Amino acid sequence: QKEVEQNSGPLSVPEGAIASLNCTYSDRGSQSFFWYRQYSGKSPELIMSIYSNGDKEDGRFTAQLNKASQYVSLLIRDSQPSDSATYLCAVVGVGSARQLTFGSGTQLTVLP
Amino acid sequence: ETGVTQTPRHLVMGMTNKKSLKCEQHLGHNAMYWYKQSAKKPLELMFVYSLEERVENNSVPSRFSPECPNSSHLFLHLHTLQPEDSALYLCASSPTGQVAHYGYTFGSGTRLTVV
């Protein structure tokens, strides 16, 4: 079982729609969760972090965490073509508190 | 610029060459990381340095040799690489002991091609 799993996609949504990106993790004791955006040929950039169950909103982005289900998601409202990128889910586990463990990423395409 | 600078941006090297990748950060962070990113695979952790001491070596082949002379600089020395080592090599930094709160700041990466 992979430590952090994401659907690789590609996920395509029309402009203005809500894009929903999902991530599951295996380390039940994980405490910190991050979403990174990576444009093609570029390095990952941090867009959201979440630590507590529930929702966290930042502009058009909402991160959702459910520790009981070991599930974290990212919603992008009013999707724009500029949101087209690969989105990486990253987790700090109990056994690896010094580092992030990444999923393989979900490729999102927002169609004009 | 993210505050973490990597050079060179692109590198093509033969299997018998020796080269080095450089990473520099001026964010005041004390933890630095090397990751390898290959197509369709998760980011692979290679090395972790905390306060200039190597704290993690993730079963990386000896043809990759890291060096951290101070908390602002990190190198990855390469020799006798294989074509499968072609990838994007990413450097990242974080405040020591606070990665769970801050995550990482990544450099722009070095695209390595081994021919």
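Values as computed for the structure displayed
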read-out	value
Along principal axes, Cα extents of the protein assembly as shown, largest first, whole Å	50, 37, 35
Computed over the stretch B:74-115, Cα set: Rg, Dmax in Å	13.5, 40
Amide N proximity, the stretch B:70-102 versus residue B:63 label position 7 Å along Cα-to-Cβ, cut-off under 12 Å	B:78-87
Length added when fully stretched, residue A:42-residue A:77, from 0.36 nm per residue minus Cα-Cα	10.3 nm
nm² value of the averaged projected area, convex hull over the Cα atoms of the stretch B:1-67	5.6 nm²
Burial ordering of A:12, A:49, fewest other beta-carbon atoms within 10 Å first	A:12, A:49
Where GluC sites (Glu not before Pro) fall in DSSP loop in the stretch A:2-99, at most 16 other Cβ within 10 Å	A:15
Summed side-chain charge close to residue A:35 - residues other than residue A:35 whose Cβ falls under 15 Å, Lys, Arg +1, Asp, Glu -1	-2
In the stretch B:1-94, the trypsin sites (Lys or Arg not before Pro) that fall in loop regions by DSSP, at most 14 other Cβ within 10 Å	B:9, B:40, B:63
14 Å cut-off, amide nitrogen to a point 7 angstrom out along residue A:17 Cα→Cβ, residues in the stretch A:40-83	A:76-81
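Any read-out appearing in this document is the output of simple, stated calculations on the displayed coordinates, not a laboratory observation. All values derive from a computational prediction rather than experimental measurement. Cβ coordinates were reconstructed from backbone atoms using ideal geometry, including for glycine residues, and neighbour counts include every protein chain displayed.
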